[in-house]
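**Q** Below you will find the structure I want to go over with you.
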Amino acid sequence: LMLTDGHSTTTKLVLLGRKGFVKLAIRHGLQLVPGFCFGEKWVHDIVLLPASLRAFLHRRFKLAGCALAGRWWSFVGKVAQADGTPISLGYVWGAPMSIRHDPDCDDQYVQQVHEQYMAAVLDLFERHKQRFGYSAEEQLDFVAAED
């Protein structure tokens, strides 16, 4: 969340390196359902703490080092963007991904399924972004938590 700027045409999704949910699904024979929340980048402004404090909080406690500010500088979410455009907030879900049940899954298969999942999320984003007020130029970037 703290990586995405509501004024930017790039939405950053922290998903690289996060493969634990894929490994659990494979080990337990569960389907993965790709999904994406649109509009969340405009609901709150992000107030970043000083860089040194953010680094300490992340290193020591795995905290983001930011605060959210909504309407009236509270936690109440905004209902419109800065230009007055109403925020269209919503989830979209993709088709469930059938994956092979393998209690002893190897890293190569986990990587393969993770890449398929990211491709499915990107497809959802591209197909639905304009319906939720995103521009045609808006991009989705997958990043690691450390980026």
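**Q** Only bridges whose two residues both fall in the chain count here: according to DSSP, what percent of them are antiparallel, nearest 5?
**A** Of all bridge pairs located within the chain, approximately 65 percent are antiparallel.
**Q** Give a quick list of GluC sites (Glu not before Pro) in region 44-147 that DSSP marks as loop, anything other than H, G, I, E or B, with at most 16 other Cβ atoms within 10 Å.
**A** Sparse-neighbourhood loop GluC sites (Glu not before Pro): GLU137, GLU146.
**Q** Moving on to the next point. Can you send over the solvent-accessible area of SER74, 1.4 Å probe, protein chains only, in Å² to the nearest 10?
**A** 40 Å²
**Q** Once you charge only the Cβ atoms, +1 for Lys and Arg and -1 for Asp and Glu, what is the size of the charge dipole of region 40-109 about its Cα centre, to the nearest 20 debye?
**A** 480 debye
**Q** Shifting gears a bit: Cut-off 10 angstrom, C-alpha nodes, Gaussian network model of the chain. Which of ASP107, ASP45, ASP83 fluctuates the most?
**A** Looking only at ASP107, ASP45, ASP83, the biggest GNM fluctuation is shown by ASP83.
**Q** Per-residue ellipticity at 222 nm for the chain, helices alone: DSSP H runs ≥ 4 residues times -39500 (n - 2.57), over residue total, nearest 500 deg cm²/dmol?
**A** Taken over the chain, the calculation gives -9500 deg cm²/dmol.
**Q** With every atom except the alpha carbons ignored, what do you get for Rg and Dmax of region 63-147, in angstroms?
**A** 17.8, 52
**Q** Heavy atoms only, probe 1.4 angstrom, no DNA, RNA or ligands counted: give me PHE21, PHE36 ranked by accessible area, highest first.
**A** The ranking, largest first, comes out as PHE21, PHE36.
**Q** Across region 1-75, what fraction of all alpha-carbon pairs, as a whole percent, falls in each successive 5 Å bin from zero upward?
**A** Here the calculated profile for region 1-75 is 3, 13, 16, 18, 19, 15, 10, 6, 2, 0.
**Q** Picking from THR10, SER88, LEU68, whose Cα lies most toward the positive end of the charge dipole for region 5-111 (charges on Cβ: Lys, Arg +1; Asp, Glu -1)?
**A** In region 5-111, that residue is LEU68.
**Q** Got a sec? What order do ARG71, ARG131, ARG27 fall in by accessible area at 1.4 Å, biggest, i.e. largest, first?
**A** The ranking, largest first, comes out as ARG131, ARG27, ARG71.
**Q** Same structure, new question: Relative to the compact globular guide of 2.2 N^0.38 Å, what is the alpha carbon radius of gyration of the chain, as a ratio?
**A** Taking the Cα Rg and dividing by 2.2 N^0.38 Å, one obtains 1.19.
**Q** Please compute the net charge surrounding PRO34, taking Lys and Arg as +1 and Asp and Glu as -1 over other residues with Cβ under 13 Å from its Cβ.
**A** -2
**Q** Right, another one. Normalised radius of gyration for region 39-107, please: alpha carbon Rg relative to 2.2 N^0.38 Å, two decimal places.
**A** That ratio works out to 1.71.
**Q** With +1 on each Lys and Arg Cβ and -1 on each Asp and Glu Cβ, how big is the dipole of the chain about its Cα centre, in debye rounded to the nearest 20?
**A** 520 debye
The values are calculated or read from the model by the stated rules, or taken from the named source; none is laboratory data. Everything numeric here is computed off the predicted structure, so don't read it as measured data. Here Cβ is always computed from backbone atoms with ideal geometry, including for glycine, and neighbour counts include all displayed protein chains. Side chains are part of the model used for accessible areas, which takes the heavy atoms of the whole protein and leaves out ligands, DNA and RNA. Shrake-Rupley method; radii C 1.70, N 1.55, O 1.52, S 1.80 Å.
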